[in-house]
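The values are calculated or read from the model by the stated rules, or taken from the named source; none is laboratory data. Predicted model, so just to flag it, every value in this text is computed and none were measured. With ideal geometry, Cβ positions are generated from the backbone for all residues, glycine too; neighbour counts draw on all protein chains shown. Surface areas here come from the heavy atoms of the whole protein model, side chains and all, with no ligands, DNA or RNA. Shrake-Rupley method; radii C 1.70, N 1.55, O 1.52, S 1.80 Å.
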Amino acid sequence: MLCKVTFDSLETLITCSAVSSHVFVSCHYYNLNRLYKNFAMSEGKGSLYPLFKSQEIANLVWSYATLNVEAPEMIDIIADYTVTICSGDKQYDESSISRFFKRQELANLSWSLAVLQQYPPDLVALTYKGLLGSGGIEGVERLNRLYDDGGMQTQQIMTLFYVQMALDMEAPQLGLSLPNGFPDAWVETSSLFSNNDSTSSSLLEINSSRLQINIGKTLEKIGFEHVQEHIIGAEDIFSIHNHEIDTSSFPADFLSIDIANLEQKIGIEVDGPAHFINVLDDDSESSLLPRHLDKIDDGGGRSFKTKSNKVAWSFLNDGRRSVNGPTALKHRLLCHLGWCIVHCPFWEWQGLRGDVDAEEEYVKELLEEVIG
């Protein structure tokens with residue numbers, strides 16, 4: 001039965017925000033073996049041809065990124081395969097990339113690489129070439145003809161903002177940047193980032209939950225000054241790293257912090273169920289999902305380590321849940337901006353069962369991790 005597991009199996013599981021570690025291991029090794037064999041077969045034929053659909057490639061990497069599971073060996077194989085297929089007998093260009101990939105697949109692939117913090121130079125450059133083209137604004141119409149559409153969609157634009165931020169801070173040696181005129185010339189509509197735009201991204205959450213409000217009230221009781229839903233604009237970020245780019249058309253709302261002390265740059269992220277993948281089989285010792293055991297508090301849900309006098313967050317799989325990729329990426333980006341971020345998993349707060357004294361003690365201990 002395991003030999004029938006396909007690329008789409010992981011996507012089906014993740015749609016339900018759940019995964020079996022045993023099934024995941026089976027999917028991983030089946031797909032890795034398939035990649036090895038088919039890439040070798042393709043190379044041996046002299047003239048390469050796609051043995052995988054572009055959607056299969058994009059969805060497979062997206063699945064690993066959503067689960068927040070590193071797979072460097074697999075990513076390297078995919079990078080070599082993708083670049084080879086898109087190149088053919090010559091250097092790849094927008095035309096050859098568009099014959100294999102759709103825009104959304106390239107956006108998903110670039111986002112997944114950023115989440116996994118794996119940046120194969122040739123593959124990242126290929127996704128940028130396919131999404132942004134060459135020649136700046138003059139090449140946009142050619143891209144639209146190649147993809148037979150009116151431009152990039154909002155989700156794809158936002159994806160590139162997050163990817164670019166990650167590249168600026170984690171892989172500046174690649175020398176990739178957003179072109180002048182972005183995103184206006186590349187987008188389907190000029191009203192993309194108007195004040196009335198209700199489009200949201202996976203890393204921008206500006207709705208306060210009851211859980212978050214209750215935690216905020218408890219923080220007020222102990223005298224911790226803070227604001228709810230602090231917003232960080234893309235203009236503030238990219239004006240630092242891309243001095244030659246006009247950021248006036250960039251989105252005003254880019255990243256949000258649930259609870260923030262602006263003076264000390266301390267952020268508290270209240271993580272509800274949507275931030276986690278449910279592990280269906282409790283196999284804590286051999287789970288493929290990331291676990292960090294350097295320090296565990298009595299609550300059993302957190303692990304901490306200090307680097308460069310900053311408190312970083314490492315997530316612990318408690319046998320039932322593991323943090324997902326978007327949450328991990330957002331945390332990294334905020335830390336790169338100089339924020340000290342601590343997380344409050346929903347089950348820890350619910351476990352206090354409304355005990356006021358226990359809630360106050362809990363938030364004090366939470367803050368001690370960054371204030372000392």
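Would you confirm whether any residue within segment 83-95 is closer than 26 Å to residue 333 by Cβ, open to solvent by less than 10 Å² (accessible area, probe 1.4 Å), in contact (Cβ under 8 Å) with a residue 24 or more places away in the chain and not basic (Lys, Arg)? I'd like the intermediate steps shown before the answer.
So the first thing to find is which residues in segment 83-95 are closer than 26 Å to residue 333 by Cβ, and the list is none.
Scanning segment 83-95 turns up no residue that is closer than 26 Å to residue 333 by Cβ, open to solvent by less than 10 Å² (accessible area, probe 1.4 Å), in contact (Cβ under 8 Å) with a residue 24 or more places away in the chain and not basic (Lys, Arg).
Please identify the pairs in which a residue from segment 256-273 that is over 15 Å from residue 236 (Cβ atoms) has its Cβ atom under 6 Å from the Cβ atom of a residue that is at pLDDT below 95 and polar (S, T, N, Q), counting only partners at least 6 apart or on another chain.
Within 6 Å, the pairs are 258/212; 270/212.
Spot the failing condition for residue 168; the list is (1) modelled with pLDDT under 90; (2) buried (at least 18 other Cβ atoms within 10 Å of the Cβ); (3) of a type in the set (Asp, Glu), and only one is missed.
With (1) modelled with pLDDT under 90; (2) buried (at least 18 other Cβ atoms within 10 Å of the Cβ); (3) of a type in the set (Asp, Glu) applied to residue 168, the lone miss is (1).
Taking residue 89 as meeting all but one of (1) more than 30 Å from residue 276 (Cα to Cα); (2) modelled with pLDDT of 90 or more, write down the number of the exception.
Among (1) more than 30 Å from residue 276 (Cα to Cα); (2) modelled with pLDDT of 90 or more, residue 89 violates only (2).
Looking at segment 109-123, which of the residues that are in a helix (DSSP H, G or I) and either under 10 Å from the mean Cα position of the chain (by Cα) or on the phi > 0 side of the Ramachandran plot (or both) is surrounded by the fewest Cβ atoms within 10 Å (Cβ to Cβ)?
Going through segment 109-123, the residues in a helix (DSSP H, G or I) turn out to be 109-116, 121-123.
Imposing the further condition that a residue be either under 10 Å from the mean Cα position of the chain (by Cα) or on the phi > 0 side of the Ramachandran plot (or both) reduces the set to 110-116.
On the way: 110: 28, 111: 28, 112: 25, 113: 24, 114: 25, 115: 27, 116: 21.
Filtering first and then ranking leaves 116.
Consider residue 154 carefully, then state whether it is surrounded by 23 or more Cβ atoms within 10 Å (Cβ to Cβ) and of a type in the set (Ser, Thr, Tyr). Reasoning before the result, please.
Values: surrounded by 23 or more Cβ atoms within 10 Å (Cβ to Cβ): no; of a type in the set (Ser, Thr, Tyr): yes.
It is false that residue 154 is surrounded by 23 or more Cβ atoms within 10 Å (Cβ to Cβ) and of a type in the set (Ser, Thr, Tyr).
Quick one: which residue in 234, 260 is open to solvent by less than 70 Å² (accessible area, probe 1.4 Å) and at pLDDT 95 or above? Walk me through it before giving the result.
Details: 234 fails: at pLDDT 95 or above.
Matching residue, one of 234, 260: 260.
In the set 248, 202, 191, 209, which member is modelled with pLDDT under 65 and exposed (fewer than 15 other Cβ atoms within 10 Å of the Cβ)?
On the way: 248 fails: modelled with pLDDT under 65; 202 fails: exposed (fewer than 15 other Cβ atoms within 10 Å of the Cβ); 209 fails: modelled with pLDDT under 65.
From the options 248, 202, 191, 209, the qualifying one is 191.
Any idea which of (1) out of contact with any strand residue (DSSP E or B) (no Cβ under 8 Å at 6 or more places or on another chain); (2) touching a residue at least 60 places away in the same chain (Cβ under 8 Å) is the one residue 66 doesn't satisfy?
Evaluating residue 66 over (1) out of contact with any strand residue (DSSP E or B) (no Cβ under 8 Å at 6 or more places or on another chain); (2) touching a residue at least 60 places away in the same chain (Cβ under 8 Å) leaves (1) as the failure.
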